[in-house]
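Here the structure comes first, spelled out in structure tokens, and everything after it is commentary.
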Amino acid sequence: MSDVQTLVKGLVKSYGRQETSLMPILQGVIKVERSISESAMIEIARELEISTAKVFGMASFYSFLDTKPRGKYVIRICKTITCAMKGKNQILLALEDSLKIKVGETTHDKHFTLLETNCLGWCHKAPAMLINEEVYTELTPEKVRQIIEEYKKNEVVD
């Protein structure tokens, strides 16, 4: 049995075989694998006895369910009008400069992926970004550079 099969079977055991378990199972795969592979989608469909198209449809619909491999740290920048009015573009430029990548790309060392996403729910403290599950608000270009440097330092230590 492959690692993906073992993972999916464990998640199905935890969440059940009903179709309503699809989302928590997909989230469980993301938590372990950082993306949902084609083989994981096929295994989930088989275990839940639903079509692979249905699994792919859900996995590809939600921006937090990645179907492509991403870096260890996925940075999501809010792209709402509120964040844009509060300086999101300068934040994005600072990130691209610090990471030497553009939106949608992953660093060569696979440590960082930079993405834009819809509302993160922090409009009252815009501009905001999310690094994996950690929220950062009231960003400035300098604050962003410091945050990225801390992550880079932690990578050297890890």
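Here are some notes:
- For SER35, the criteria (1) assigned by TED's automatic domain parsing to the domain that holds VAL8; (2) polar (S, T, N, Q); (3) exposed (fewer than 14 other Cβ atoms within 10 Å of the Cβ) hold in every case but one, which is (3).
- Here ILE75 clears all of (1) in contact with a Lys or Arg (Cβ under 8 Å, 6 or more places away or on another chain); (2) at pLDDT 95 or above except the condition numbered (1).
- Hits in the stretch 111-130 (condition: touching a residue at least 40 places away in the same chain (Cβ under 8 Å) and among the charged types (D, E, K, R)): GLU116
The values are calculated or read from the model by the stated rules, or taken from the named source; none is laboratory data. Please read all numbers here as calculations on a predicted model, not as lab measurements. Every residue, glycine among them, receives a Cβ derived from its backbone with ideal geometry; neighbour counts consider all protein chains shown.
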